[in-house]
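The values are calculated or read from the model by the stated rules, or taken from the named source; none is laboratory data. Quick caveat, the model's predicted, so the values are computed rather than measured. Counting neighbours? That spans all protein chains shown, and the Cβs are built from the backbone with ideal geometry, glycine included. To get the accessible areas, we keep the full protein, side chains included, count just its heavy atoms, and leave off ligands, DNA and RNA. Shrake-Rupley method; radii C 1.70, N 1.55, O 1.52, S 1.80 Å.
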Amino acid sequence: FFFFQVRVCTPPSGSLAAAMPPQKKKPAGKKVAPTPSIAKKQAAPVKQTNPLFEKRPKSFGIGGALPPKKPLNRFVKWPKYVRIQRQKRVLTQRLKVPPALNQFTKALDKNSAGNLFKLLMKYRPEDKAAKKERLMQKAAAEKEGKTLESKKPICAKFGLNHVTYLIEQGKAQLVMIAHDVDPIELVVWLPALCRKMNVPYCIVKGKARLGAIVHQKTAAALAITAVKNEDKHDFSKIVESVKSSFNDASDASRRTWGGGIMGVKSQQKLRIRERILARENRGRQ
């Protein structure tokens, strides 16, 4: 092993102070005035709390309060018929829909439909209980040897074959067609027949709503053949609005294709692509 001896020579204290360079003194500048009390940030006003209602924040940790319930719709395995009808709705938006089917997406407006169904409620056919009572009265009268004068009731007609017959015979004064008939081929030809026979028609929302008028679950189409004298004024107004919206509509509206609506993600991609193309075109100019 080799040892090296290092000798450190320390100068005297007086010589160390002489060896260091003199420090420069900072020039004495003006002191900045303090911020006035008015400009200082005002303290937030103390919010008065009602002593009767004490704030008790919940703790959702282990052993604490139960967390709020979240909607689990996204995680539900829906029945097959629900999945099919949702997929069908999306497909009708994505694919191109021919004009004959696209006309069923344009139903009667809400106000006119409300007035129409309000009128239809007065012309509901008799239900089973009323029919039974009428037949009992008729049987009792026949038993006593009397004859009851019975007039044909004025009511809404239903049944696709029956409505078609009334249109062909020119007896129907107004025809209502449901927009959600499945399969749609059952009624897809009915608007063309109404236009050919010059019968006012309209497309309304809900086959179930039409069925409720005639005591059925659903109804594809209804027809009105006659109205009472007190309802003729309201009925004529409804027929005029229906004719202007459907019968007298321009051919262009009946020849417009539907669908072709892409999803949210696809629309966003198309917007980004259009912006890039527009930027490139500006750069070329």
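Observations on the model:
- There is no residue in segment 151-164 that is modelled with pLDDT of 90 or more, open to solvent by less than 20 Å² (accessible area, probe 1.4 Å), touching a Gly at 6+ places or on another chain (Cβ under 8 Å) and closer than 22 Å to Phe104 by Cα.
- Considering residues of segment 121-141 that are loosely packed, with under 13 Cβ neighbours inside 10 Å and among the acidic types (Asp, Glu) only, the residue nearest to Ala212 (Cα to Cα): Asp127
- Among the numbered conditions (1) more than 16 Å from Gln103 (Cβ to Cβ); (2) surrounded by 15 or more Cβ atoms within 10 Å (Cβ to Cβ), the only one that Gln216 does not meet is (2).
- Pick from segment 79-101, criterion exposed (fewer than 11 other Cβ atoms within 10 Å of the Cβ) and not in a helix (DSSP H, G or I), ranking: modelled with the highest pLDDT: Pro79
- Filtered by the rule that a residue be free of Cβ contacts under 8 Å to residues at least 60 places away in the same chain and farther than 15 Å from Ala107 by Cα, segment 166-191 gives Leu166, Ile167, Glu168, Gln169, Gly170, Lys171, Ala172, Asp182, Pro183, Glu185, Leu186, Trp189.
- The set of residues in segment 225-282 being part of a loop (DSSP other than H, G, I, E, B), open to solvent by 100 Å² or more (accessible area, probe 1.4 Å) and either within 30 Å of Arg124 (Cα to Cα) or not aromatic (Phe, Trp, Tyr) (or both) consists of Asp248, Arg255.
- Unique match (being open to solvent by less than 100 Å² (accessible area, probe 1.4 Å), modelled with pLDDT of 60 or more, small (Gly, Ala, Ser) and more than 30 Å from Asp180 (Cβ to Cβ)) among Gly14, Gly64: Gly64
- Helices (runs of 4 or more DSSP H) contained in segment 102-215 and holding at least 2 residues of a type in the set (Val, Ile, Thr): 160-169
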